[in-house]
Each structure stands twice: as structure tokens, then as C-alpha cells.
Amino acid sequence: MTLTRGGVARARGGGPAHRLYSVVVFVLLASLDNVAIGLVPPLYGSIADAFAVPERLLGLVTAVSFLVSAAAAVGWAYIGDRGHRKPLLMLGTLIWAAGTGGSALAGNYSAFLAAQLIAAVGLGAVGSVGFSVVTDLISPRRRGLVMSFWGLSQGVGTLTGTLVGGLLGSIDWRRPFLVLTVVGLAATLAYLFTYDIRRGQSEPELAGALAGGADYDYRIRRADLPRILARRTNRWLILQGLTAQAAFGSLVWLPVLFTQRAEDQGYSASTAVVVGSVFATLFQLGGVFSIVGGLVGDAVQRRTPRGRGLVAAVGVLAAVPFYLVLFFVPFRIDVPDGASTGAVVGAVLSSVVTEPTVGISLLTALFALALTSANSPNWFALIADVNPPEHRGTVYSLGNLVNGVGRAAGNGLVTVAFNALRTAFPPPLNYAVGLAAFQLFFIPTGVMYWLASRTSPRDITAVHDLLHGRAERLEE
């Protein structure tokens, strides 16, 4: 394929307001796939009771959903890198909305599993195709910052799913799924009015050619796949997800840990679910510091082409001690048992100030999440930096596939660890020990980011040279 003049019809719109609307829509709606993922874990107990199955089978649903979503994303991304991306995003959103609605209507465990897997197929489109679109909207100098909002939206989505699942589902576990179904249908409508973003439009090397009426008409081909994997930075960025997501995947059990702590202190199951969901949400608020991680990555990258990889490596490695402390700091829960959801939430929030052990735990969690949040924006930005526009969605999806394997492994194997540890450590201590052990997977993750920092300068230069050459051939 080549750069052509007038080979592709111009998108209508594209003024500043339209572009801003499009960025907001893509970033906000990227969070919805994580809302769907975060919705189920706080409700493991309630759904297991409703279907009369062991709680570990609900953990299996989450683990398999991670894998299905990640595998589907590869197909979605490859098609998106070859053609028009907006219809794929709309179709994917409709599919996951249908699956989420089916989850609410499921009458048994098998139907619930099937509905969740349908939703997972649709969710694969949102992240992979959406990532490709967003990278075409932002310049390389601001990739870390903007991708921090992209990553933050996904983290907020997980928190929202945890909170909505725990609060709306404390009495009826089906309600959160129905609410999210409606949101998914509204998201499909929002996609209709977004700007059709031109592939490669944010690249400085292509600016002159595109301004002169050219279209970047290069598309991924099957023959490109070996070249994608031949880029050494791509290999490290993809492989780090195996260990990073093993650690992150285990963290979906945070609500269960705090629910178990509440039950251990004598609270009823319904109150404990609310307590666990609110504490887990509070303790993950450090993810908002991904914006700082993105800004620091941009700043260091301007000083050295190794910058983004180094920032991610330091953040991930420095977070490990804080995670280990978090799971073992004892804290006292003081909430009105059996009271309304609002009263329990209010008591949990006030305990941050009135109960020193809760405050210490929250501070530790903020440090841990703030440091690991440097991972996300710099991973996104590095993928964009070391790959030409027509490869980015596919590389992201390959990384996401490995992420899904790691996350599923972390989510599934940690349940085995919990059960194995139960004989030596009674609940909730078995959950604390298991979660702490899985955070050690961040150590090889940090090493792989350091290795990526060594290979990225050469790969970034190669992409710059490639795009300059393509633009010059057009302008001849």
C-alpha cells in the first residue's frame, strides 16, 4: 500500500470541538470494558449462592473472560488496522452490552458463563481498536500524558465496576448488570457522532504530506507479523504483561480480602460485601497518579530515548514493598452492622480519618498504586513510539493477549493459593499471604521494562526513518 492523494474520502467534521468530543468519548468509553470486568468479583458470593455453585467457579468465569476478551482483541485489531475502525467499535460495544444483559437474565451458572463470554468477545474490540484510534489523535511529545488518561479511564472503570457491583448488587446481584447494559447501548449511540480520525495524522513526519492532500494508505499485511515480533522492544513490551498481569489479576480479589476481614470481625454478609467493595475502591485510588507517571515519562523521554522504559521499570519495582505492607497492616472496621448502604459507606469513609490503622493502610495503598500506575501510560506510549500507525492496534492486541493470559493465570492461580494456604493460615490471613506472594511477579516485570529501555532508542529511530521515507516518496 502507498500514500495517495485523495485515495480515501475525507471525514466530515474534525473541528476542535468535534475532536475534543471524540477524545472524551474514546477515553471514557474505554473504561467501560473494565467496568464490566470489575463488576463480577464483589458479587462472587452472591452469584455463587444464587446458582448453588462453589465460589471458585465464579473466579473461573473472570479468568476465562480475560482470555476470551484478549484473544478476540487480536482479531478485532487486525481487522481495524486494515480498514474502517468506527463500525468495529460500535459492533463490539453492542456485543458486550448484549452479553452483559444476558448475564443479568441468566437462570443458572452455565447461562451466566455463556453470557459473560459473549460480553468478553465484544470487549476485545473496545481496547484494541480504540487504542489505535487514540494514538492517531495525539503527538509523540504528549503521548505519555494522554495515554495516562486512557489508562486512568480503564482503572477508573475497574473501580467503578467494583463499587457499582458492591453497592447496587448488595441486595440483588442482577441490578448492576442491567444498569451496565443500558450504559452500553448509550455508548453505541455516542460512537455515531465521533470524528473519523485519519490514520497517521498525529505523526510529525507525515504532517506536510497530509496537509498537502495525501492520505496515509498503508495497511497491515500478514507478512508484517514477523517484522512486528522482530522489533526487540515489542517483544519485551508484550512479554512483561505475563508477569505484570499475574500480579494485577490477583488484585481483583481485594474486595474479597476486605469482605473476609469484615466477616472475621463479626459483621453480617451483606454489610461485609459493602465494606469490602468500598475499602477496595478506596485502596485503588492511587491509580489516578498515572497522570503523573505519564507526565514524568514524557519529560524523561525528551531527555533520553530510554526514558519511558526507565520510568516504568523504577515505578513497578519500587511498588513491591508497599504492596507487601498493605496486605498485612491490621486495621479495625467500625461500621453499623445491618444499616443502610449509605450509612455503611459513610462510616467507612469517616474511618479513614478517625481510625489510624485505616489511614495507614490507605496511605500505603496509594503509594503502591501510584508507583505501579507509571506502567500503564508508558507502555501505551512506547507501543506507539516503536511502531508505525498501521501496526499499533495489532501490537497492542498481542500485548493484551499476553496480558489476558497473565491476568487469567493470576486470577485463577491465586484462588488455588488461597485454598492451599487455608490449612496453615485461617481466613482472612490466607488471602493476605496469597495476594502478597503474587505481587512478587512485579520484579521480573520491572526487569523487562529496563531491557525495553535499552532497545527502544533504535526502534524509535527506525520508525522515524520509515515515516520520513514514505512522506518523501509522496512529495516527489
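The values are calculated or read from the model by the stated rules, or taken from the named source; none is laboratory data. What you see is a predicted model; the values in this text were computed from it and never measured. Backbone-built Cβ (ideal geometry, glycine too); neighbour counts: all protein chains shown.
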Test: residue in the stretch 395-409 that is surrounded by fewer than 23 Cβ atoms within 10 Å (Cβ to Cβ) and among the hydroxyl-bearing types (Ser, Thr, Tyr): no
The stretch 219-241: number of residues that are crowded, with 22+ Cβ neighbours inside 10 Å and over 24 Å from the mean Cα position of the chain (by Cα): 1
Selection from the stretch 416-439 of residues that are assigned to a helix (DSSP H, G or I) and touching a Ser or Thr at 6+ places or on another chain (Cβ under 9 Å): 417, 430, 434, 435, 437, 438, 439
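Any chance you could count how many residues in the stretch 239-286 are farther than 18 Å from residue 407 by Cβ and of a type outside the set (Gly, Ala, Ser)?
Residues that pass the stated criteria total 18.
So that you can scan it fast, the table gives a plain yes or no per residue for (1) modelled with pLDDT of 90 or more; (2) among the aliphatic types (A, V, I, L, M); (3) over 30 Å from residue 257 (Cβ atoms):
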| site | (1), (2), (3) |
| --- | --- |
| 406 | no, no, no |
| 424 | yes, yes, no |
| 435 | yes, yes, no |
| 445 | yes, no, no |
| 452 | yes, yes, yes |
| 463 | yes, yes, yes |
Condition met for residue 282 (under 19 Å from the mean Cα position of the chain (by Cα) and either under 12 Å from residue 144 (Cβ atoms) or at pLDDT below 85 (or both)): yes
From the options 132, 103, residue that is surrounded by 23 or more Cβ atoms within 10 Å (Cβ to Cβ) and at pLDDT below 85: 132
Pair list, Cβ under 8 Å, 6 or more apart: the stretch 198-224 residue at positive phi, other residue at pLDDT below 75: 200/210; 213/5; 213/6
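Could you please let me know if residue 365 is crowded, with 22+ Cβ neighbours inside 10 Å, under 21 Å from the mean Cα position of the chain (by Cα), part of a helix (DSSP H, G or I) and modelled with pLDDT of 90 or more?
Here the answer is no, as residue 365 does not meet what is asked.
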Selection count, the stretch 211-237, where residues are assigned to a helix (DSSP H, G or I) and within 26 Å of residue 451 (Cα to Cα): 13
Residues (part of a helix (DSSP H, G or I) and touching a Ser or Thr at 6+ places or on another chain (Cβ under 8 Å)) located in the stretch 76-96: 76, 77, 78, 80, 81, 86, 90, 93, 94
Verdict on residue 216 being touching a helix residue (DSSP H, G or I) at 6+ places or on another chain (Cβ under 7 Å), crowded, with 20+ Cβ neighbours inside 10 Å, among the aromatic types (Phe, Trp, Tyr) and closer than 30 Å to residue 98 by Cα: no
Failed condition for residue 453, given (1) over 30 Å from residue 77 (Cβ atoms); (2) in a helix (DSSP H, G or I); (3) among the polar types (S, T, N, Q): (1)
Among (1) touching an Asp or Glu at 6+ places or on another chain (Cβ under 7 Å); (2) at pLDDT below 90 - the single one residue 386 does not satisfy: (2)
Which listed residue is touching a residue at least 24 places away in the same chain (Cβ under 8 Å), assigned to a helix (DSSP H, G or I) and under 24 Å from residue 107 (Cβ atoms), from 28, 60: 60
Conditions (1) farther than 30 Å from residue 82 by Cα; (2) part of a helix (DSSP H, G or I); (3) among the charged types (D, E, K, R): number failed by residue 390: (1)
Failed item in (1) of a type in the set (S, T, N, Q); (2) more than 21 Å from residue 135 (Cα to Cα); (3) in contact (Cβ under 8 Å) with a residue 40 or more places away in the chain, with residue 93 passing the rest: (2)
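Each row is one residue, and each column tells you yes or no for (1) touching a Lys or Arg at 6+ places or on another chain (Cβ under 9 Å); (2) crowded, with 21+ Cβ neighbours inside 10 Å; (3) farther than 21 Å from residue 93 by Cβ.
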position	(1), (2), (3)
155	no, yes, no
159	no, yes, no
180	no, yes, no
184	no, yes, no
193	no, no, no
198	yes, no, yes
The stretch 413-451, subset in contact (Cβ under 8 Å) with a residue 24 or more places away in the chain and polar (S, T, N, Q), residue nearest to residue 329 (Cα to Cα): 439
Selection within the stretch 315-335 - crowded, with 23+ Cβ neighbours inside 10 Å and under 12 Å from residue 449 (Cβ atoms): 315, 316
